[in-house]
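The values are calculated or read from the model by the stated rules, or taken from the named source; none is laboratory data. Please read these numbers as outputs of a predicted model, since none were measured by experiment. Cβ atoms come from the backbone with ideal geometry, glycine included; neighbour counts cover every protein chain shown. Surface areas here come from the heavy atoms of the whole protein model, side chains and all, with no ligands, DNA or RNA. Shrake-Rupley method; radii C 1.70, N 1.55, O 1.52, S 1.80 Å.
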Amino acid sequence: MTSDTPVSPGNLPAEPNSFIGRERDLAELADILGRVRALTLCGPGGIGKTRLAFRLAAMLARCYPDGVWIADLADVDRITARASEPGETEDGPLPAGAGDPDLNDRLVPLVTAALGIRQEPDRLLADTLTEALRPRSALLILDTCEHLVQACAELVQRLLAGCPGLRVIATSREPLGVRGEIIWRVPPLGLPPDTGADAARYEAVRLFVERAVAVRPGFALDQSNLAAVTDICRTLDGVPLAIELAAAWVRSLSAEQISSRLADRFELLAQGNRAAPPRQQTLRATVEWSYELLTAAERLLLSRLSVFHGWSLRMAEQVCADEQIPADQVLDLLRALIDKSLVSLDAELNGGARYRLLDTVRELAAERSIATGEMPRMRLVHRDCALALAETIAGQAFVRGAPSWPQRVAMYHRVQADRPNLQLALACCVQRGDAEEGLRLCDALSGSWLASGNVSEGAGWLDRLLAIEAVVSPGVRARALAVRAELAFEQLDYDGAADYARACLEYSAACKDGNPAGGFRLLALTELMSGRPSEALAHADAAVAAARQLADEWEEGISLATRAAALAGQRELAEAEEAFQQALEVLRDNNGWGVANVLYGLGRVARARRDPDAAARYFQAALDLYRQIDARPEMARCLAGIGWVTLAQGEVAAAARHLTESMQLSLDAGHRLAIGRGLQALAALAQASGDLAVAVRLAGTAMAVFEAIGPLPSAAASRRLDRLLGSAGSALGSAAVTSLLAEGRAMSPHQAVQLAAARPEQVPAAPNGHRPGGQLTDREMEVAVLAARGLSNRGIGKELFITQATAARHIANIFTKLGVTSRAQLVSWMADNAAERD
C-alpha cells in the first residue's frame, strides 16, 4: 500500500486465513442487506457466523463511506456476570453491594469504544452514540449477542430509529427480536452426497483439505483418504469450527484415524439424552474430543488460560505456571495448543504475539477449571497479574528519565489492549470485597482513563470499591479519592470533585504515605472553574509545595500547570507563561501526555499575548504528542488552536484545513460542546472568507447546539458571535440575518460542516474598497445584473427560476464579497466595473 492510498475508516480486521465457500450465501446476504437495515446471522456456535459477517462486510465496505465497525461482545458476560447482583458464583457468594445488573452499562461503552466515540460528562452515553452515528453511512457489526439479547435489541432499535444511514449485522445463537430484523440461519457447509470423485468440490471437504495442508504441507486429497475425509465432514455435520479442529490433528493422525476416533466418540454420545440442538452437540463433542486427546499438561494449561481475555506469553507464564506446569514449558505447551487450533494467534502488540481462545473452547476450558476447583485461585492469580502489570506501567510511565517516550507510548497501548483483563481484575476485587487491591488498581489506571477519555468507566469502578466496607490503608484511600476527584472534574461535576478532594486531604493528613498534592490541585481547578482565580492560585501553590516535599515530580509538574492556569485566569499572562515553562521543565523528561497538556496551555497564553507564531508552535508540538496516543479530544483542541491562529494571520486556506479536521474529530467523538465551539470557528472562517451568509447559518447551528447543552459559550465566544451578527446585520439587514439564523438552527452539525466544506475559499475584502467581480460565481453575477436592473428578490427568482429565499441568499453573498451594503452601492459597483466584465 502506498502512502497516498486512502485508508478506509472502521476496524474490520484482516482475515487470518483463506475463506472457503459460501459464495451463494454471500450473494444472497449482500442482496438482503441492500434492502434491510437489521440483519441477524443465527446459528449454533462454530457454524461460522462471525467469519461470514466479516467476509460480507469486507465485500460491501465500499458501500459505507463512514466505515465498517465491529463491537466484539463475547467477553461482556465475563465482566458483567462477575459484577452482577449478589448471589452464587464459582467463587462462592458475592458481597452485598457488588452488583451491576444493567448490562447496558457494559454494552454501550464497548460499542462506543469500538467506534472511538467518547462519553460526554453531562449526557447519557447512548445519546452521544446515537447523535454521533446519526449522519453516518456506516455498517455496525455486533458480534456474539446471545448472552445480551435484550440489551442488544434495545440498542439496535434505538440506533436504527435515530441513525437513518446505519445498518446493523448481529451474530447470535438466537434472534434479537428487533422490529424490521431479518433473521438468516447460517447453514452448515455443503456436504458431498457420496464418496464420488466430485467430493473435493464441496465446501466442507475443501475446508478440511485447506486446513490440513496448513498444518501438514504434504497432505493431499486422494483415493486413499477421500472416504475418510468425507466421513469426517459428514460426522461433523459440516460445522466449520468442528472441521477445523479435526483437520488440525492431521499433523499427528491420519484421516482414517481421525474418522475412526470421531465415529467412536459420537456413538458414545448418541447413547445419552442430550438436550442441546444436534449441531451444538456436534461442536461440543468435537471440542471435548480434541480436549481429551491432549496431554495432561496441555489440558491443564488450556483450562487455566480460560481466565484470560487475550494474553501474552509473559502473562501466561505468570498466571498459569506452577510446580505442575513449569514456566519454561508454557511456550511449548502453548505452541501445541495452537497447532491443534484450540488457541488462536491474535494481532501482535508492540512486537509481541498475543493469543486468545475461541468462545466455545473457552467455555469448555472454564468448565474444566471450575470442575477441578481451580477457578477461584486462577482468578486471584489473574487479578494479581493485572494489578502488577498496571502498577509497573504506572510506576514507569510517570517519572523522569527512562523509559523513553516511544516506550511509554507502547505502555499506553498495552494498557488499552489489556483493558478487558483489567476490568476482569476490578470485577474480581469488587466480588471478593478486596477494596484495597481494587483501589490500588484504579490509582494505577487513572492516567489511562484520563488520557483515553474513559472517565465514566473509572468513576463507576471507584464508586463500587469505595462503597465496600473494608479496612483500607489511609494512603491508598487518599490516592483513590484524588483520582475520583479528577474523574469528577472531567465529568464537569465540580462540587463532587471538590468534596472528593477535601476527603483526600483528610486521609492524607492521617498517614505518612498520603499525597495531598492531588487534593490541593483539584481544589484549585474547581475554584478556577467557579471564577475564583485567587483562591485557585492559593490551592495550586499548596499543591506545588506538597509535591516538592514528597519529591513527586509528576504531580509537581501538573500542579505548576494548574498554577499557570490560575494566573492566566487573573490575566497575569507573563507570570502564567513563566509557570507553564517551569511545569514544562519539570515534565520535559517525563510523560509526553503531561508535556502536551503544558504545551497546549503555553499555546493559549501565547495566543492571548498576541504571539501567533509561538502559539502555533506550541499547539503543533502538543498535537504531535497527542497523536501518538490517539487522544482525539485533545487533538481537536490543538487543531482548533492552530486554526484560530492561522485565521488571525489571514491564512484562510490553512485555517480551513485545521478547523475542518478539528471539527471532524469532534463529530466522530460525539462531543457537543466541542462541536458547538468548532461550528463557531467555522463561522468565523466563513466570515473572514467573505461568505457572510454562510457564516450566519453556521452561527445558527452553533447556537442550537449550545442551547441543547445548556451552558453558554465563554465570554470571548459570545463576543465573537455578537460581532459576527452585528456585522451581518449591517451588511444584510436584520430580516436576512433572522432568516439565515433560522436556517442554521434547522441544520444538523454534519450538514453545517458540509456547507462549510462546499464553500470555495475567498479572499477577505479590503476595508472600504471594491474587489473585482471575478470572485462572484456565474449565478451570483446573473443575480447581480438583475438586481442592478432594479428587480426585487421575487423578480430575480422568477427570472432565474429560483425561490425568493435563494435569491436573497445570493444578494447577501454578493454584498459581502463586493463590500457593499445597499443595492444603490451595487448599481454603482456594476457601473464602475462594466468594462472589466466585458
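A few notes on this one:
- In this structure, Leu441 does satisfy being at pLDDT 95 or above and out of contact with any strand residue (DSSP E or B) (no Cβ under 6 Å at 6 or more places or on another chain).
- Considering only residues in segment 742-760 that are at pLDDT below 85 and part of a loop (DSSP other than H, G, I, E, B), the one that is most open to solvent (accessible area, probe 1.4 Å) turns out to be Pro760.
- A Cβ distance below 9 Å, combined with a sequence gap of six or more or placement on separate chains, defines the contacts here; from segment 542-560, residues that are at positive phi reach no residue that is in a helix (DSSP H, G or I) and open to solvent by less than 10 Å² (accessible area, probe 1.4 Å).
- Residues of segment 348-363 that are in contact with a helix residue (DSSP H, G or I) (Cβ under 9 Å, 6 or more places away or on another chain), more than 26 Å from Gly43 (Cα to Cα) and open to solvent by 50 Å² or more (accessible area, probe 1.4 Å): Asn350, Gly351.
- Residue within segment 181-188 that is open to solvent by 40 Å² or more (accessible area, probe 1.4 Å) and of a type in the set (A, V, I, L, M, F, W, C) present: yes
- Any chance Leu537 is open to solvent by 10 Å² or more (accessible area, probe 1.4 Å), out of contact with any Ser or Thr (no Cβ under 8 Å at 6 or more places or on another chain) and either assigned to a loop (DSSP other than H, G, I, E, B) or among the charged types (D, E, K, R) (or both): no
- Only residues that are under 22 Å from the mean Cα position of the chain (by Cα) and not in a helix (DSSP H, G or I) were counted in segment 397-430, giving 1.
- Against the numbered list (1) farther than 24 Å from Gln423 by Cα; (2) open to solvent by 10 Å² or more (accessible area, probe 1.4 Å), Leu334 comes up short only at (2).
Okay, residues lined up against (1) out of contact with any Phe, Trp or Tyr (no Cβ under 8 Å at 6 or more places or on another chain); (2) buried (at least 18 other Cβ atoms within 10 Å of the Cβ):
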{"site": "Ala574", "(1), (2)": "yes, no"}
{"site": "Asn590", "(1), (2)": "no, yes"}
{"site": "Tyr600", "(1), (2)": "no, yes"}
{"site": "Ala608", "(1), (2)": "yes, no"}
{"site": "Asp630", "(1), (2)": "yes, no"}
{"site": "Gly643", "(1), (2)": "yes, yes"}
{"site": "Leu647", "(1), (2)": "yes, yes"}
{"site": "Ala654", "(1), (2)": "yes, no"}
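- Residue in segment 723-741 that is open to solvent by 40 Å² or more (accessible area, probe 1.4 Å) and within 29 Å of Gln620 (Cβ to Cβ) present: yes
- Residues in segment 676-691 that are open to solvent by 10 Å² or more (accessible area, probe 1.4 Å) and either of a type in the set (Lys, Arg) or in a helix (DSSP H, G or I) (or both): 6 in all.
- Among the residues of segment 149-166, some residue qualifies, meaning at least one is in a strand (DSSP E or B) and in contact with a strand residue (DSSP E or B) (Cβ under 9 Å, 6 or more places away or on another chain).
- Among the residues examined, Gln664 qualifies as under 30 Å from Gly729 (Cα atoms), touching a residue at least 12 places away in the same chain (Cβ under 8 Å), under 27 Å from the mean Cα position of the chain (by Cα) and open to solvent by 40 Å² or more (accessible area, probe 1.4 Å).
- Here is the figure for segment 330-342: residues that are outside any helix (DSSP H, G or I) and closer than 16 Å to Leu313 by Cα total 1.
- Residue check for Arg383: out of contact with any Phe, Trp or Tyr (no Cβ under 7 Å at 6 or more places or on another chain), open to solvent by 50 Å² or more (accessible area, probe 1.4 Å) and not in a loop (DSSP other than H, G, I, E, B): no
- Of all residues in segment 343-366 being part of a strand (DSSP E or B) and in contact (Cβ under 8 Å) with a residue 60 or more places away in the chain, the one that is farthest from Leu302 (Cα to Cα): Leu349
- Enumeration of residues in segment 212-237 that are within 21 Å of Ser344 (Cα to Cα) and surrounded by fewer than 23 Cβ atoms within 10 Å (Cβ to Cβ): Val213, Ala214, Val215, Arg216, Pro217
- Filtering Gln416, Gln431 for residues that are open to solvent by 50 Å² or more (accessible area, probe 1.4 Å) and polar (S, T, N, Q) leaves a single hit, Gln416.
- Put simply, of Thr144, Thr112, Thr130 the only residue that is touching a Cys at 6+ places or on another chain (Cβ under 8 Å), polar (S, T, N, Q) and either under 23 Å from Ala263 (Cα atoms) or buried (at least 18 other Cβ atoms within 10 Å of the Cβ) (or both) is Thr130.
- Filtered residues of segment 594-616 (kept if part of a loop (DSSP other than H, G, I, E, B), at negative phi and not acidic (Asp, Glu)): Arg609
- Check on Val213, assigned to a helix (DSSP H, G or I), touching a Lys or Arg at 6+ places or on another chain (Cβ under 6 Å) and more than 30 Å from Leu139 (Cβ to Cβ): no
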